[in-house]
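Data first, discussion second: the structure below is written as structure tokens.
The values are calculated or read from the model by the stated rules, or taken from the named source; none is laboratory data. The structure presented is a predicted model; accordingly, all values stated were derived computationally and were not measured. Here the Cβ is made from the backbone with ideal geometry for all residues, glycine too, and neighbour counts use every protein chain on show. When the accessible area is computed, the model is the full protein with side chains, heavy atoms only, and any ligands, DNA or RNA have been set aside. Shrake-Rupley method; radii C 1.70, N 1.55, O 1.52, S 1.80 Å.
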Amino acid sequence: MPSLGPWEIAIIVLLIIVLFGAKKLPDAARSIGRSMRIFKSEVKEMQKDDETPVEPQQPQGYQPPQPQQIEAPQNLQQPNFQQHYQNQPQQAPNPQQPDYRQNYEDPNRTA
């Protein structure tokens, strides 16, 4: 692969300035620098986590709690929706609300 000479680099820099504008280049470089810094710190943190696994410190004589048996409830009834809705009053349609279905139906259609 041929190496880039000074003229090729100058043309690439000129194209970048024309495409992005001179005002946005410092902001773009600043955001790239921040992204690189964050990426480096995250990579270092991942490497540090891999090198030294941390085991939780427990005081001497500590015994973890023993699991307890949980009993199932004795009288468990399933909900009865028919009984629930029998006690509910029937709601009559409100005549004051407009019927918007007429806006969406074809006026030339016969029922």
Inset, instruction - Select from segment 18-27 the residues that are open to solvent by less than 70 Å² (accessible area, probe 1.4 Å) and at pLDDT 85 or above and list them in ascending order. - result: Pro26
Inset, instruction - Return a yes/no flag: does segment 37-45 have any residue that is surrounded by fewer than 10 Cβ atoms within 10 Å (Cβ to Cβ), hydroxyl-bearing (Ser, Thr, Tyr) and within 31 Å of the chain's Cα centre (by Cα). - result: no
